[in-house]
1. Just give me the residues in the range 98-115 being under 15 Å from Ser23 (Cα atoms) and touching a Gly at 6+ places or on another chain (Cβ under 9 Å), in sequence order.
2. Sort through Asp203, Asp168 and tell me the only one that's surrounded by fewer than 16 Cβ atoms within 10 Å (Cβ to Cβ), in contact (Cβ under 8 Å) with a residue 24 or more places away in the chain and in contact with a Ser or Thr (Cβ under 8 Å, 6 or more places away or on another chain).
3. Does any residue of the range 99-120 turn out to be surrounded by 13 or more Cβ atoms within 10 Å (Cβ to Cβ), more than 30 Å from Tyr212 (Cβ to Cβ) and of a type in the set (Ser, Thr, Tyr)?
4. Give the range 122-143 a look and list any residue that's part of a loop (DSSP other than H, G, I, E, B) and buried (at least 19 other Cβ atoms within 10 Å of the Cβ), or say none.
5. Does Val149 satisfy the criteria of being more than 23 Å from Glu37 (Cβ to Cβ), more than 17 Å from the chain's Cα centre (by Cα) and either among the hydrophobic types (A, V, I, L, M, F, W, C) or at pLDDT below 90 (or both)?
6. Which members of the range 185-206 meet the condition of being assigned to a loop (DSSP other than H, G, I, E, B), of a type in the set (A, V, I, L, M) and more than 23 Å from the chain's Cα centre (by Cα)?
7. Within the range 34-84, take every residue that is in contact with a Ser or Thr (Cβ under 8 Å, 6 or more places away or on another chain) and acidic (Asp, Glu) and give me the one that is modelled with the highest pLDDT.
8. Just give me the residues in the range 104-129 being more than 16 Å from Glu58 (Cα to Cα), under 20 Å from the mean Cα position of the chain (by Cα) and among the hydroxyl-bearing types (Ser, Thr, Tyr), in sequence order.
Amino acid sequence: MMRFLLSNILFFAILSFASGQLSTEPACLSLDADEVEEIYYDINITNDGSEASLVFWEFIPADNFPEDWKFQICDLNLCYNWDVTRSGTSSFLANNLTAGAVSKFTVKVQNAANTPDENFMISGSSFGTLRLFENSDFTNPIFETSCLVSNNNVEVEDLVIYPNPTTDVFQIKNDANIKTVSIFNIVGRQISSNIHSQGARHDVSNLRAGMYLVRLENENGELIKAMRLSKK
């Protein structure tokens, strides 16, 4: 089965946690598929505190989550059924996030029309929000990821990289607020990071043909937008 693994990448995230104890990598649960059978997405949760945390989770698909997608969450204890949005409430199902350790959750996405005998491709882009709670009543989250963009004078939708696909260079339309441009491959390794000035061209002639992710940041290092770039 083909797997499209996204990790370490992404995108326009804001994290909030009451004590600053937890962090995730990647920070935003962005889901991106281009004619693949499955998205397989690892979430590494780091407990930087001095004590273990027992947590329950909730996964909220974005409003634009494709209707033909189904998702499955695997936590430290088990893989839940498709489209289950909350972990079990039994104390035995609480996830023990050990102090100083990294714990892995996984999000899987497939075509909702799949059968035991046949798998169908999926395409599209969306995201989800992961919330962690200390109690099984799922109130007052202690941690949340959120794919939100920074406030800017230019609408995020107006930011465009072109030409795309490209063979050698690309530029950015409506780039007045862009100060840093970083390029990542599809498994999250940073390829380059460059200071951006308005109207600048970015050379990618030395990159191999394939799909890349371009991260656009403002002068405060805040993510404004991340986009796919196809290199011929």
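1. Ala99, Gly100
2. Selected residue: Asp168, the only one of Asp203, Asp168 that is surrounded by fewer than 16 Cβ atoms within 10 Å (Cβ to Cβ), in contact (Cβ under 8 Å) with a residue 24 or more places away in the chain and in contact with a Ser or Thr (Cβ under 8 Å, 6 or more places away or on another chain).
3. no
4. Initial filter on the range 122-143 (part of a loop (DSSP other than H, G, I, E, B)): 134-142.
Correct list: Pro141 only.
5. no
6. The answer is Ala200, Val204.
7. Checking each candidate, the answer is Asp75.
8. Ser123, Ser125, Ser126, listed by residue number.
The values are calculated or read from the model by the stated rules, or taken from the named source; none is laboratory data. For clarity, every value in this text was computed on a predicted model and none was experimentally measured. Glycine gets a Cβ as well: all are built from the backbone with ideal geometry, and neighbour counts include every protein chain shown.
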